[in-house]
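S.K.: Below you will find the structure I want to go over with you.
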Amino acid sequence: MHISDVHIDLFYTVGAAMNCSEPVCCRSNVTLQLEHKDAWNRILNGQHLEVKELTEGPANYWGSVAYCDLPFQTFQLFLEEVKKMNDLDMIIWTGDNTPHDVWQQSQTYNLNFTVIESERILKATKARILPAMGNHESFPVNVYDYQG
């Protein structure tokens, strides 16, 4: 199995704006863009949306297809399914654990996300895990020298 780019967001808020004026949406502290308020109200009233409108409105419980990172409960559900896979030999885990909220990150903040995910993955499987750091594990992010 390959696990990559989980980007769990411990601040994901069900009902928050999926499309907002911030780099990461689906949080209680984001501002809904005015052009998406109509879709928001239609979703809240139980009306059908066209496919292009799926990135508008409130954040869903299991996640959203807009500018949002993964809710923690979705990551936990994924690990419940991993527990059922008794024949897993190895997991390649290529990082990118933190949310995309680079403006509030620090070395400790980023490390905590890796610790949270590591502890839960280790509890979910007996498979050998081959971890590698993604570009979001360091602080600041994207500081790897790929040019050599």
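The values are calculated or read from the model by the stated rules, or taken from the named source; none is laboratory data. Not measured: the values here are computed from a predicted model. Note: ideal-geometry Cβ built from the backbone for every residue, glycine included; neighbour counts use all protein chains shown.
S.K.: Only one of (1) within 26 Å of THR13 (Cα to Cα); (2) part of a loop (DSSP other than H, G, I, E, B) fails for THR74. Which number is that?
M.R.: All conditions pass for THR74, except number (2).
S.K.: OK, next. Please specify each residue of segment 8-24 satisfying the condition of being modelled with pLDDT of 90 or more, crowded, with 20+ Cβ neighbours inside 10 Å and either farther than 24 Å from GLU137 by Cα or not β-branched (Val, Ile, Thr) (or both).
M.R.: Of the residues in segment 8-24, the ones modelled with pLDDT of 90 or more are 8-14.
Adding the requirement that they be crowded, with 20+ Cβ neighbours inside 10 Å leaves 8-9, 12.
Across segment 8-24, the qualifying residues are ASP9, TYR12.
S.K.: Do you know which residues across segment 17-28 are more than 26 Å from LEU111 (Cα to Cα), aliphatic (A, V, I, L, M) and in a loop (DSSP other than H, G, I, E, B)?
M.R.: Answer for segment 17-28, where residues must be more than 26 Å from LEU111 (Cα to Cα), aliphatic (A, V, I, L, M) and in a loop (DSSP other than H, G, I, E, B): just MET18.
S.K.: Working only within segment 93-148, note down all residues that are in contact (Cβ under 8 Å) with a residue 24 or more places away in the chain, part of a helix (DSSP H, G or I) and small (Gly, Ala, Ser).
M.R.: ALA124, the sole residue that qualifies.
S.K.: Right, next: Restricting to segment 117-148, name every residue that is within 24 Å of LEU10 (Cα to Cα), loosely packed, with under 15 Cβ neighbours inside 10 Å and either touching a Leu at 6+ places or on another chain (Cβ under 6 Å) or not aliphatic (A, V, I, L, M) (or both).
M.R.: SER118, GLU119, LYS123, ASN135, PRO140, ASN142, listed by residue number.
S.K.: So VAL30 passes all but one of these: (1) surrounded by 15 or more Cβ atoms within 10 Å (Cβ to Cβ); (2) at pLDDT 90 or above. Which condition number does it fail?
M.R.: If we test VAL30 against (1) surrounded by 15 or more Cβ atoms within 10 Å (Cβ to Cβ); (2) at pLDDT 90 or above, just (2) comes out false.
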